[in-house]
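The structure under discussion appears below in the form of structure tokens.
The values are calculated or read from the model by the stated rules, or taken from the named source; none is laboratory data. Note that this is a predicted model, so its numbers are computed, not measured. Cβ sites come from the backbone with ideal geometry, for glycine too, and all protein chains shown count toward neighbours. Side chains are part of the model used for accessible areas, which takes the heavy atoms of the whole protein and leaves out ligands, DNA and RNA. Shrake-Rupley method; radii C 1.70, N 1.55, O 1.52, S 1.80 Å.
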Amino acid sequence: MESYQEFGSFLADFRKEQSIRALTAVIVKDGEIVWEQALGTSDDEGDVPATMDTTFGIASVTKPIAATAILAEADKGGLYLDWLLANDSRWADFCGWFSTSGIPFGGGGKDSDGTTIEPVDCERKLSLSDSLNMRVNGAAGSAFVYNPMTYARIDRAIAGAGGRPLRAIVRDNVLKKAGMENVALGWHDPDGGSALRLLAPPFTVQEDGRDIKASHSDDDFRAAAGIRASARHIAQFDIALDSGKLLSPEWMGQIFSDDKLPPRGDYRWGWFVQDWQSKRLFWHSGWEPDRYSAIYLKIPEQKLTLILLANNESLWWSNALSAAEIQKSPVVAKFLKGFVGP
């Protein structure tokens, strides 16, 4: 097995090779943070060292956090998972455009590996469950297709059906229960504390390897993205989730089951799921093009979690839309080899 020091040295080299200004990492084992590392600087002048309190845009790592909060809200009777996306008054116009667009997970097309992607079927009565399980493309019950744009409409459907604002659902059902303070649920979060003050600015890497400071996205909080948090914050979520503070045993069993998977993996309730060398992996990546990237990987069998945040897109490895293949990430491949093994 690899030592934490060896893995940290690998990350330090990776950060320099990929021109990442700020990179933070956490490993959770048996419900505790057993190792963490902050590398680089969190400002454009290189004067402010990154720390474990440095926050980042976590992009799509927002999805499992938002999904957990939504499932908890459903258990309390605050919403229903069969609510239709069409409860959003703008859904019909959006879906009409989206399903005929040139976007592969909208109008259909080919995945990066040549797999056919079916278009979104606007005639289907698509529900919150369909979106949370990435089952909005093609026939009902078909294989998943990663579809961040319909996932981003979840909060609109909840609001349209009379549910609470998503920001309140996530703060009450996850952040407060997990003790996650100074987390911003989007730019306009009045309760975000110091999250924006501690935010590492995003950078875009040029073809010659130089980087330039990027502008911040003006997108606010959605179920699909928008949280600004630290790697420690995500570790707090992970520990609270595994300790049973956030979801019922029934939901935990349904999500983190060891049932047989399709050959290309699956997506369920905010998580990619795949098997790797007899180990079941649950994970999510985060990719905000030209700005931020993130990795959140769980191996429940070993009670082991890896969390990585960066302020450029270099943690992203171009995962296919219709397959779960986190082992293709060079950082995760190193981690799997060193800490999980065959």
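So here's what we get for this one:
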| quantity | calculated |
| --- | --- |
| Three-way shape label, the range 235-293, alpha-carbon gyration tensor, a/c 1.5 | oblate |
| Accessible area of the range 109-191 belonging to carbon and sulfur atoms, whole % at 1.4 Å probe | 51 percent |
| Formal net charge of residues neighbouring M52 (Cβ-Cβ distance under 10 Å; K, R +1; D, E -1) | -1 |
| Rough spin-label spacing in nm, given labels placed 7 Å along Cα→Cβ, for S101 and T204 | 2.0 nm |
| 10 °C / 1.306 mPa s Stokes-Einstein diffusion coefficient of the range 289-342, Kirkwood radius on C-alpha pairs, µm²/s | 132 µm²/s |
| Surrounding net charge for I239, when Lys and Arg each add one and Asp and Glu each subtract one, Cβ distance under 9 Å | -2 |
| Whether the range 16-87 is rounded, prolate or oblate, judged on the alpha carbon gyration tensor where a/c under 1.5 counts as rounded | prolate |
| Mean projected area in nm² (Cα convex hull; one quarter of hull surface) for the chain | 16.3 nm² |
| Helix axis angle, 62-75 relative to the chain longest principal axis, alpha carbon, degrees | 50 degrees |
| Over the chain: helical MRE at 222 nm, DSSP H runs n ≥ 4 each giving -39500 (n - 2.57), nearest 500 | -6500 deg cm²/dmol |
| Span from the the range 30-44 Cα centroid across to the the range 211-234 one, whole angstrom | 17 Å |
| For the chain, accessible area per residue (1.4 Å probe, heavy atoms of protein chains only), Å² | 42 Å² |
| Probe 1.4 Å, all protein chains present, accessible-area order of H216, H284, largest first | H216, H284 |
| Global geometry of the range 56-125, whether rounded, prolate or oblate, following the gyration tensor of its Cα atoms and the 1.5 cut on a/c | oblate |
| Extension gain (nm, one decimal) between K328 and D258, 0.36 nm per residue minus Cα-Cα | 23.0 nm |
| Value of D in µm² per second that Stokes-Einstein yields for the range 236-342, Kirkwood Rh from Cα pairs, at 10 °C (1.306 mPa s) | 110 µm²/s |
| Reachable aspartates and glutamates, given that their alpha-carbon falls under 13 Å from the alpha-carbon of K337 and they are not under 8 places away in the same chain | E2, E6 |
| P(r) tail fraction, the range 11-160 - alpha-carbon pairs more than 26 Å apart, % | 46 percent |
| Charge sum, other residues only, whose C-beta stays under 9 Å from A310's C-beta, Lys/Arg counted +1 and Asp/Glu -1 | +1 |
| Extent along principal axes [Cα atoms of the range 132-174; Å; largest to smallest] | 33, 22, 16 |
| Percent of C-alpha pairs per 5 Å bin, the range 176-294, short to long | 2, 9, 15, 18, 17, 15, 12, 8, 4, 1, 0 |
| Centre separation in Å (Cα based) which lies between the range 246-290 and the range 292-342 | 13 Å |
| For a label point 7 Å along the Cα-to-beta-carbon line of H216, residues of the range 16-44 with backbone N under 20 Å | 21-24, 41-44 |
